[in-house]
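Novice: Shown below is the structure under consideration.
The values are calculated or read from the model by the stated rules, or taken from the named source; none is laboratory data. Keep in mind that what you see is a predicted model, and the values were worked out from it rather than measured. Backbone-built Cβ (ideal geometry, glycine too); neighbour counts: all protein chains shown. Calculation scope for accessible area: heavy atoms of the full protein, side chains included, ligands and nucleic acids excluded. Shrake-Rupley method; radii C 1.70, N 1.55, O 1.52, S 1.80 Å.
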Amino acid sequence: MDSITLTRIQSAHPKLRDELGRIYEDICAALKGRAICRFTHVLRTKQEQDALYAIGRTKAGKIVTNARGGYSYHNYGLAVDICLIIDGKTAVWDAKSDFDLDGIADWMEIVRIFKAYGWEWGGDWRRFPDLPHFQKTFGLSITDLLAGKQPA
């Protein structure tokens, strides 16, 4: 198991920490090859979110998010971004490779596990697909969260 991911799970909303631990255990059991899954972002501050939002707008690079600070489920600990770590050293965002040679892309094995727990996958979004992103909102909108509502 990846110690960085285990630490990041603890930054998730308290209602999701145990579930994310189980999800990560399931992912580790499913991936048997050169790749492991790393949770790259869970909780993100509004300032961190604003810095990401600036990329491709006021900072160099390709747009990576349409959410300003306060308007991302990451700001409430209700979202996870992932990557694959190959051979313990190289981060990749490759949704097609099957590093454990079981006939299923490793990324899609992770997607299947998150969905089995009721998480929404950003790869299913039509307007701005976000393959590394998963979120569990408990039916709350960003407007609800901005107003202070919390998962039941």
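Novice: Output the residues belonging to region 36-52 that are open to solvent by less than 40 Å² (accessible area, probe 1.4 Å) and hydroxyl-bearing (Ser, Thr, Tyr).
Specialist: Thr40, the sole residue that qualifies.
Novice: Which of (1) farther than 18 Å from Glu19 by Cα; (2) modelled with pLDDT under 95; (3) surrounded by fewer than 14 Cβ atoms within 10 Å (Cβ to Cβ) does Ala152 not meet, given it meets every other one?
Specialist: Checking Ala152 against (1) farther than 18 Å from Glu19 by Cα; (2) modelled with pLDDT under 95; (3) surrounded by fewer than 14 Cβ atoms within 10 Å (Cβ to Cβ), the one that fails is (1).
Novice: Could you go through region 72-79 and let me know if any residue there is at pLDDT below 95 and aliphatic (A, V, I, L, M). Don't jump to the end; show me each part of the working.
Specialist: Of region 72-79, the ones at pLDDT below 95 are none.
Within region 72-79, none of the residues are at pLDDT below 95 and aliphatic (A, V, I, L, M).
Novice: Now for a separate question. Can you give me the ranges of the helices (runs of 4 or more DSSP H) entirely in region 1-77 with at least 3 residues that are closer than 26 Å to Ser97 by Cβ?
Specialist: Values: elements: 3-9, 17-30, 46-54.
Fully inside region 1-77 and qualifying: 3-9, 17-30.
Novice: Please specify each residue of region 99-111 satisfying the condition of being free of Cβ contacts under 8 Å to residues at least 60 places away in the same chain and either surrounded by 12 or more Cβ atoms within 10 Å (Cβ to Cβ) or touching a Ser or Thr at 6+ places or on another chain (Cβ under 7 Å) (or both). Let's see the steps before the verdict.
Specialist: Kept after step one, since they are free of Cβ contacts under 8 Å to residues at least 60 places away in the same chain, are these residues of region 99-111: 103-105, 107-108, 111.
Residues satisfying the conditions are Ile104, Ala105, Trp107, Met108, Val111.
Novice: Do we have Ile142 as touching a strand residue (DSSP E or B) at 6+ places or on another chain (Cβ under 8 Å), among the β-branched types (Val, Ile, Thr) and touching a residue at least 24 places away in the same chain (Cβ under 8 Å) here?
Specialist: Considered against the rule, which asks whether it is touching a strand residue (DSSP E or B) at 6+ places or on another chain (Cβ under 8 Å), among the β-branched types (Val, Ile, Thr) and touching a residue at least 24 places away in the same chain (Cβ under 8 Å), Ile142 comes out as no.
Novice: Filter region 78-117 for residues that are among the aromatic types (Phe, Trp, Tyr) and assigned to a helix (DSSP H, G or I) and give the result.
Specialist: Across region 78-117, the qualifying residues are Trp107, Phe114.
Novice: Return yes or no: is Thr40 at pLDDT 95 or above, within 20 Å of Ala116 (Cβ to Cβ) and among the polar types (S, T, N, Q)? Even if it seems obvious, please write down each step before you answer.
Specialist: Numbers: at pLDDT 95 or above: yes; within 20 Å of Ala116 (Cβ to Cβ): no; among the polar types (S, T, N, Q): yes.
Taking the combined requirement at face value, the residue does not satisfy it.
Novice: Answer with yes or no whether Thr65 is at pLDDT below 95, touching a strand residue (DSSP E or B) at 6+ places or on another chain (Cβ under 9 Å), among the hydroxyl-bearing types (Ser, Thr, Tyr) and at negative phi.
Specialist: On the way: at pLDDT below 95: yes; touching a strand residue (DSSP E or B) at 6+ places or on another chain (Cβ under 9 Å): yes; among the hydroxyl-bearing types (Ser, Thr, Tyr): yes; at negative phi: yes.
Yes; evaluated as a whole, the condition is true for this residue.
Novice: In region 7-35, how many residues are farther than 14 Å from Phe134 by Cβ and open to solvent by less than 70 Å² (accessible area, probe 1.4 Å)?
Specialist: Residues meeting the conditions: 8.
Novice: Say whether the condition of being open to solvent by less than 20 Å² (accessible area, probe 1.4 Å), at pLDDT 95 or above, among the aliphatic types (A, V, I, L, M) and out of contact with any Lys or Arg (no Cβ under 6 Å at 6 or more places or on another chain) is met by at least one residue in region 114-137.
Specialist: no
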